[in-house]
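Down below is the structure, laid out as structure tokens.
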Amino acid sequence: MSIDVPGTEGYAESAAALANEWRKISFRDHHRPVLHLIPRAPSRVLDVGAGMGRDAAALAAMGHSVVAVEPVDELRAAAINFYPASNAAWLDDSLPELCLVRAKADTFSTVLVTAVWMHLDEAQRRRGMGAISDLLDAIRPRRGASPKDG
């Protein structure tokens, strides 16, 4: 059972209905204004608040290596059920700290934070932005890489 994460109240009880509604909107339609920011070449992508997995599955289908973070057990279970062929790696983690993701010491070229930010207060947003920036390739070079390599 996951810990209670502020901002996720009610999602567990409504997971099935929400997941079915969210599946009606395609990844491309939902993200059309920012699709140009998603790398075309396969890269590492972090999907924070991955919900029922639509975005993580679409990104994985594009060839990206995806880590999907979702603190609501029922939504993670729906994602795994809806997209069993997806190669996304699922973690029970959450903003603002992203403790499990940060403990893995991975970096990502892209971080999606879709429908999550509004659940955080100002102090949590500051901590969350710090956690996210620590995970970005452009901010922190990969282990073993020289800053001149990037």
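Quick note: the coordinates plus some simple rules give every number you see, no bench work behind them. Here the structure is a predicted model, which means the values were calculated and not measured. Quick reminder, even Gly has a Cβ in these numbers, built from the backbone with ideal geometry, and neighbours come from all protein chains shown.
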Cβ-Cβ under 9 Å pairs, at least 6 apart or on other chains, the stretch 116-135 side over 16 Å from residue 71 (Cβ atoms), far side surrounded by fewer than 17 Cβ atoms within 10 Å (Cβ to Cβ) and not β-branched (Val, Ile, Thr): 121/6; 125/117; 133/140; 134/102; 134/140; 135/102; 135/106
In the stretch 105-128, residue surrounded by the most Cβ atoms within 10 Å (Cβ to Cβ) [restricted to those that are touching a strand residue (DSSP E or B) at 6+ places or on another chain (Cβ under 8 Å) and either part of a loop (DSSP other than H, G, I, E, B) or aliphatic (A, V, I, L, M) (or both)]: 112
Residue 53 of a type in the set (Gly, Ala, Ser) and in contact with a strand residue (DSSP E or B) (Cβ under 9 Å, 6 or more places away or on another chain): yes
Pairs where the first residue, in the stretch 43-55, is free of Cβ contacts under 8 Å to residues at least 40 places away in the same chain and under 16 Å from residue 27 (Cβ atoms) and the second is assigned to a loop (DSSP other than H, G, I, E, B) and not aliphatic (A, V, I, L, M), C-beta under 7 Å, 6+ apart: 52/23; 53/83; 53/86; 54/23
Residue match in the stretch 97-112 (condition: in contact (Cβ under 8 Å) with a residue 12 or more places away in the chain, in contact with a His (Cβ under 9 Å, 6 or more places away or on another chain) and of a type in the set (Val, Ile, Thr)): yes
